[in-house]
Amino acid sequence: MQHVQAMMRLALEEAVQDQNEVPVGAVIEKDGRVIARGHNEREKGSCFAHAEVLAMERACAALGTRRLTGCTLYVTLEPCPMCAGAMVMAGLSKCVFGAFDEKQGCCGSVYLLTEDAAFYHRVETVGGVMEEECKKILQQFFAEKRSGSSSL
């Protein structure tokens, strides 16, 4: 569990890289080493620039393949339908996430896309790891947005 928490701490560090973005961070590990990182970059003009997708793209580039077999994604927020679908299509082995997303989460909250038998590949998912820490940065971000301050 100590290793999982260390990886989630890296994802939390990644989450706060850009104060203009919803603070979601992701890291991908293979064989005990981090091979890719990502944080939300949607405000730069791409609806696809979620932390998970960016980390997966970078992991594929690092490995020289489109398959992420043997890789674990650590992400601070439960993946949305797009990200969960990308995880399935990439053949990711496991996803560990922090905060549950009761509105859009597709790793168990709204839907369990990653383990749906309709798809060829399934991604093992574990949620709620360091959930309070992950929720806190999101709550703080949105509270500051509502109040008009930007000191995240």
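The values are calculated or read from the model by the stated rules, or taken from the named source; none is laboratory data. All values derive from a computational prediction rather than experimental measurement. Cβ atoms come from the backbone with ideal geometry, glycine included; neighbour counts cover every protein chain shown. These area figures cover heavy atoms from the full protein model, side chains too; ligands, DNA and RNA do not enter into them. Shrake-Rupley method; radii C 1.70, N 1.55, O 1.52, S 1.80 Å.
List of remarks:
- Surface composition of the chain: carbon and sulfur make up 51 percent of the accessible area, probe 1.4 Å.
- As a length-normalised measure over Cα pairs under 8 Å and 6 or more apart, the relative contact order of the range 1-126 settles at 19 percent.
- Taking the C-alpha atoms only, the angle from helix 131-147 to the longest principal axis of the chain is near 40 degrees.
- Here's how it looks for Thr76: its modeled amide H is under 5 Å from those of Gly25, Gly98, which are all 5 or more places away or on a different chain.
- Ligands, DNA and RNA are left out, and with a 1.4 angstrom probe the accessible area of the chain is 52 Å² per residue.
- Fully extending the segment from Gln104 to Met1, taken as 0.36 nm per residue of separation minus the present Cα-Cα distance, adds 34.4 nm.
- 0 to 90° range, to nearest 10: angle between helix 81-90 axis and the chain longest Cα axis: 30 degrees
- Taking the Cα centre of the chain as origin and assigning +1 to Lys and Arg Cβ atoms and -1 to Asp and Glu Cβ atoms, the resulting dipole is close to 280 debye.
- Percent of beta bridges antiparallel (DSSP, the chain, rounded to nearest 5): 60 percent
- Pairs of Lys residues in the chain that lie 8 or more places apart, or on two chains, and have C-alpha atoms under 19 angstrom apart add up to 6.
- Calculated FRET efficiency for the pair Met89/Asp31, C-beta based, R₀ 25 Å, to 0.05: 0.70
- Sorting the segments 115-124, 68-77 by their residues' average number of neighbouring beta-carbon atoms within 10 angstrom, most packed first, yields 68-77, 115-124.
- Amide H contacts of Ala36: Ile28, each under 5 Å away and 5 or more positions distant or on a separate chain (H built 1.01 Å from N in the peptide plane; Pro and chain starts excluded).
- Volume per residue for the chain equals 103 cubic angstrom (convex hull of Cα atoms).
- Relative contact order (%) - criterion: Cα under 8 Å, at least six apart; region: the range 78-152: 31 percent
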